[in-house]
1. I'm told residue 46 meets every condition in (1) at pLDDT below 95; (2) more than 18 Å from residue 1 (Cβ to Cβ) except one. Can you identify the failing condition by its number?
2. Hey, can you tell me all the residues within segment 15-34 that are of a type in the set (S, T, N, Q) and either over 17 Å from residue 51 (Cβ atoms) or in a helix (DSSP H, G or I) (or both)?
3. Out of segment 22-32, which residues are surrounded by 12 or more Cβ atoms within 10 Å (Cβ to Cβ) and either acidic (Asp, Glu) or closer than 17 Å to residue 2 by Cβ (or both)?
4. For segment 2-21, give me each residue that is polar (S, T, N, Q) and surrounded by 12 or more Cβ atoms within 10 Å (Cβ to Cβ).
5. State all residues of segment 1-60 that are among the hydroxyl-bearing types (Ser, Thr, Tyr) and without any contact (Cβ under 8 Å) to a residue 40 or more places away in the chain; if no residue qualifies, say none.
6. Taking the condition of a type in the set (Asp, Glu), under 13 Å from the mean Cα position of the chain (by Cα) and surrounded by 10 or more Cβ atoms within 10 Å (Cβ to Cβ), does residue 43 pass?
Amino acid sequence: MKYVSTTDIGKKWNISARRIGTLCAEGRIPNVQRAGNMWLIPEDAKKPVDARIKSRKYRKQPND
């Protein structure tokens, strides 16, 4: 399996390398490896789905 850096994947997915690092740290990109201070991402990794709410319908949460 061939691995690429966060910069290369960022260019491919059109998002920043910093955001790619955050997605790796959160475990949202499968099969990543940490090598020193850099993330190694499989070349055939799929871009994670955007988890933001787009419907503008928010659920109210009870106050603690």
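The values are calculated or read from the model by the stated rules, or taken from the named source; none is laboratory data. The shown structure was predicted, so the numbers you read here are calculated from the model rather than taken from an experiment. Note that we place each Cβ from the backbone using ideal geometry, even for glycine, and neighbour counts take in every protein chain shown.
1. (2)
2. Narrowing segment 15-34 to residues of a type in the set (S, T, N, Q): 16, 22, 31, 33.
The answer is 22, 31, 33.
3. Once the filter is applied, which keeps residues that are surrounded by 12 or more Cβ atoms within 10 Å (Cβ to Cβ) and either acidic (Asp, Glu) or closer than 17 Å to residue 2 by Cβ (or both), segment 22-32 yields 24, 29, 32.
4. From segment 2-21, those polar (S, T, N, Q) are 5-7, 14, 16; that's our starting set.
Listed by number, the residues that qualify are 5, 6, 7, 16.
5. Step one: of segment 1-60, the residues among the hydroxyl-bearing types (Ser, Thr, Tyr) are 3, 5-7, 16, 22, 55, 58.
5, 6, 7, 16, 22, 55, 58, listed by residue number.
6. Details: of a type in the set (Asp, Glu): yes; under 13 Å from the mean Cα position of the chain (by Cα): no; surrounded by 10 or more Cβ atoms within 10 Å (Cβ to Cβ): yes.
In short, no.
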